Every structure is written in structure tokens, then in C-alpha cells.
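For reference, the structure is listed below as C-alpha cells.
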Amino acid sequence: MSADIIIVGAGIVGLSSAHELVGKGARVTVLDRGKPGMEASWAGGGILFPLLPWDYLDEVTSLAFLSMALYPEWTEALQHSSGVDPEYMKCGMTVLPGIRSMEKASSWCASHGVRFLEEPGGKFVLPDVAQVRNPRLIRALSRALENLGVTILQDCEAVSFERKNGNIVGVRTAQGDVHSGQDYVVCAGAWSGMLLGPDGPDIYPVKGQMLLFEAGGLLDTILFKDGIYLVPRKDGHILAGSTLEHAGFDKTVTSAHWLHEKAAEILPALGHLSPVKQWAGLRPGSPDNIPTICRHPAIGNLYINSGHFRYGVTMAPASAKLLSSLIFGETSLLDIDPYNCKK
């Protein structure tokens, strides 16, 4: 096996990074502890928006909004190259009464060019919010990469790095050592902190539990209230999420009843339906939701693109471009300094 770049992690961030780097002429191999995209990338809701952006730092919203601007063309190109429709669509989002400061929200949106409407009863509507069906996006990316000749090694957990003279020379995995990379990138989601060790950034698992309802025609826009969201899919399903739990690497579903009650408070008709599926995923948590996109501070040929917390899907295409600019020494679309490795 020969590759210019070896990426550890085949979630949305790792696959997007591979797609961007291959487009720049690199030879890329991606390896993952499981199946591509089957952790947080699959488990999330696919909302392409920082849920309440006025509550986040500029480092989060700048990266998210750059990525959101890339999404229409990016998903169209992926559909063309893969034959899989990621189901990108603008469906809008309504923040239901209970928002802490309507004045803060409207002021932020006005100053950042985000369309909004204040409706009677305290509803705050964001008509341009989009979504993507993240499992289909993962399939589209995986197939596009396969068509480009990228090797994706699944069920190939990275255990540690082999180092020589201050650089990485290989990855020790459950299937044997993987060598031949000139550069290495960690995009291992919630597992990134374990792999990078004490010299790496503060990245940790945060569990989120989700429900899926079969509810055709009940909803055509995203609803959000008190940290809970409902997301309508094209086929009539509705996703309800999500919890925020610091439970280590435990993915046990424990809050289905509570989440069902909260979903029914938002859309009462869901109270009469039983979920058709329930699951939990592990987000790569990070302080203030700011991801790490940088060269490792102590290892010259090791890069990090991880720690996107709730917004890995939202931030993926822009994060891939920032990573690519680092590796190829190009001018970045954003100031990269805020995404350097922090302890």
C-alpha cells in the first residue's frame, strides 16, 4: 500500500478531508475502527446550522457559515460522482417560545446577514436553515472516494503511531501496521483524544440519544425548543434529538421515554406514535465547541482535524479545506489560528 497521506477516521470529517486532499492530487488511504461514518456522523440529525448561533463564539460560527455556503455545490457534485442523493434541502427552522433573549437573537442575525422572522407568540423563524440526510451523505462520500481510487480500510482500529526521528512513520492497527504515508491526519472523532494522548487537544466523548418516528405529513420544517429538535425527512420520518451526556464511551440508550415526552411537547401528535428506532452516538466534545484543525505541535508530519462536537456534519467541507491549506501550504479561507491545538 502506498499513500501520500493516511487519515485515521472515516467519519464525515475524515471522508471529507480525503475527498478534498485527493482533489489536490494526493494519494490517500483512510482507516477506521468500524464501518465508514457509523459513529457520530451517522447518529446525528444533519442540521446544517449552529442551533442558536448567537450563543457561540465567532470561531464556531465563522467555520460553520463558511461550510454551509459550500454545501449546495458540494452535495450536488457528490451526487453526480456517486449516484447517491445526500438529500440536501432548505427546510427552515423555527425556534419555539422560550428563547432566552429575542433581542440578542435578532440583533445577531441582522448583523450577520441571516434572514429571520419574529412571529406572534414568540416564535423565531430562520427560513434558510438547511439539512442533509447524513447517512446518505456518508454513502455518497464513500462511493465517490472509491470511484477516485481511495482505499478505505474498515474494522481497522488505530492503536498507536510508530515514530522515528520526531515524525510518524506508521500506524499500528488491529489488522497490522500501516506504513508508507508522508503525512498522517487524525480525524477519529470521540476517539481522537485517546489516540493523540496527553500531548494532543482536549477531545472527549459526549453521548447524544435520538429517536426516529414514522410520521408522514406531520412536519415540514425543523422545530427547536429548550435544546430539543425535530427534523423532518423527505420520506416522512421525523428525527427527535438530542441529549448531551458525559458518560464516557457508553452508547446505551437510556433516555428514550424522556426524549419522547419532550418531542411530544413540541409536536403533540408524536405522543400518539411509538418510535420506530432509537440509538445513541458519541460526539467528539471540545471546549466551547471549537474544533482542532492544525499541525501537531510536536510532530511535524501529523495533523489533526477533530473535536467538532455537535457540528461535524455542518463544518466538514470547510474543515477539509482548512486542513488542505495547511498540508499544501496554501492561503486559508479563514484565519487558522483559532483552531490550533489547545490544552
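Need pairs with beta-carbon distance below 6 Å; first residue more than 14 Å from Lys234 (Cβ to Cβ) and within the stretch 77-100, second hydroxyl-bearing (Ser, Thr, Tyr); sequence gap 6+ or separate chains.
These pairs meet every condition: Gly92/Thr221; Thr94/Thr221.
Looking at the stretch 174-205 only, could you name the residues that are touching a helix residue (DSSP H, G or I) at 6+ places or on another chain (Cβ under 9 Å) and under 17 Å from Val13 (Cα atoms)?
Across the stretch 174-205, the qualifying residues are Asp183, Val185, Val186, Cys187, Ala188, Gly189, Ala190, Pro201, Ile203, Tyr204, Pro205.
What number of residues within the stretch 317-335 are within 10 Å of Leu63 (Cβ to Cβ) and of a type in the set (A, V, I, L, M)?
4
Which of the residues belonging to the stretch 180-217 are without any contact (Cβ under 8 Å) to a residue 40 or more places away in the chain and more than 19 Å from Leu282 (Cα to Cα)?
Pro198, Gly216, Gly217, listed by residue number.
In the set Val60, Val28, Val22, which member is out of contact with any Leu (no Cβ under 9 Å at 6 or more places or on another chain), hydrophobic (A, V, I, L, M, F, W, C) and at pLDDT 95 or above?
Selected residue: Val60, the only one of Val60, Val28, Val22 that is out of contact with any Leu (no Cβ under 9 Å at 6 or more places or on another chain), hydrophobic (A, V, I, L, M, F, W, C) and at pLDDT 95 or above.
Taking into account only those residues within the stretch 159-183 that are assigned to a loop (DSSP other than H, G, I, E, B) and either touching a Leu at 6+ places or on another chain (Cβ under 8 Å) or at positive phi (or both), which is surrounded by the fewest Cβ atoms within 10 Å (Cβ to Cβ)?
Selected residue: Asn165.
Do we find that Ala64 is out of contact with any helix residue (DSSP H, G or I) (no Cβ under 8 Å at 6 or more places or on another chain), surrounded by 18 or more Cβ atoms within 10 Å (Cβ to Cβ) and closer than 17 Å to Ala316 by Cα in this structure?
No, not satisfied.
Hey, could you check the stretch 280-294 for residues that are among the β-branched types (Val, Ile, Thr) and part of a strand (DSSP E or B) and say which is farthest from Val253 (Cα to Cα)?
Ile293
Taking the stretch 99-123, which residues are closer than 13 Å to Asp55 by Cβ and either part of a loop (DSSP other than H, G, I, E, B) or among the aromatic types (Phe, Trp, Tyr) (or both)?
Listed by number, the residues that qualify are Ile99, Arg100, Ser101, Trp108.
Please count how many residues of the stretch 1-35 are part of a loop (DSSP other than H, G, I, E, B) and buried (at least 23 other Cβ atoms within 10 Å of the Cβ).
Of the residues in that region, 4 qualify.
Select from the stretch 109-153 the residues that are over 23 Å from Leu239 (Cβ atoms), more than 19 Å from the chain's Cα centre (by Cα) and among the basic types (Lys, Arg) and list them in ascending order.
Answer for the stretch 109-153, where residues must be over 23 Å from Leu239 (Cβ atoms), more than 19 Å from the chain's Cα centre (by Cα) and among the basic types (Lys, Arg): just Arg115.
Could you list all residues from the stretch 83-105 that are modelled with pLDDT of 95 or more and among the hydroxyl-bearing types (Ser, Thr, Tyr)?
Tyr88, Thr94
A quick yes/no check of all residues on (1) assigned to a strand (DSSP E or B); (2) free of Cβ contacts under 8 Å to residues at least 12 places away in the same chain; (3) hydroxyl-bearing (Ser, Thr, Tyr); (4) in contact with a Lys or Arg (Cβ under 7 Å, 6 or more places away or on another chain):
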site: Gln278; (1), (2), (3), (4): yes, no, no, no
site: Pro297; (1), (2), (3), (4): no, no, no, no
site: Tyr311; (1), (2), (3), (4): no, no, yes, no
site: Ala316; (1), (2), (3), (4): no, no, no, no
site: Ser319; (1), (2), (3), (4): no, no, yes, no
site: Ser325; (1), (2), (3), (4): no, yes, yes, no
site: Leu333; (1), (2), (3), (4): no, no, no, yes
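Can you go through Cys156, Cys91 and tell me which one is surrounded by 16 or more Cβ atoms within 10 Å (Cβ to Cβ) and within 24 Å of Cys187 (Cβ to Cβ)?
Cys156
The values are calculated or read from the model by the stated rules, or taken from the named source; none is laboratory data. Quick caveat: nothing in here was measured; it's all calculated off a predicted structure. Cβ atoms come from the backbone with ideal geometry, glycine included; neighbour counts cover every protein chain shown.
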